[in-house]
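The structure under discussion appears below in the form of structure tokens.
The values are calculated or read from the model by the stated rules, or taken from the named source; none is laboratory data. Note that the structure is predicted; figures quoted are calculated from it, not measured. Reconstructed Cβ throughout: ideal geometry from the backbone, glycine too, with neighbour counts over all protein chains shown.
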Amino acid sequence: MVFGLSFAVLEAPFGLLTGIVAGQAFVAVLVGLWLGKRLGARAGDFAELIAGVVFSLLGLVVLYKGFTA
């Protein structure tokens, strides 16, 4: 949504820029899948533990922000 506003302000060709953003997202997903396949076997349970801690902390931050806003 944010890039759509900047596209409008710049009067850029929407189709071309949307294709570029979509292509970038597609490449990022492919790189993430490739890294996950390679590193997943090595990191294993430790990576799951770290991800759980990070997401739990993120949830606590969101709750804190919600209650203090």
Original post:
Does at least one position in region 32-44 carry a residue that is exposed (fewer than 10 other Cβ atoms within 10 Å of the Cβ), part of a helix (DSSP H, G or I), at pLDDT below 90 and of a type in the set (A, V, I, L, M)?
Top reply: yes
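Just give me the residues in region 1-15 being in a helix (DSSP H, G or I) and either of a type in the set (Phe, Trp, Tyr) or surrounded by 10 or more Cβ atoms within 10 Å (Cβ to Cβ) (or both), in sequence order.
PHE3, GLY4, SER6, PHE7, ALA8, PHE14
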Subject >> Long-range neighbours under 8 Å by Cβ, at least six apart or interchain, first residue of a type outside the set (Phe, Trp, Tyr) within region 45-69, second modelled with pLDDT under 95 >> reply: ALA47/LEU39; ALA47/GLY40
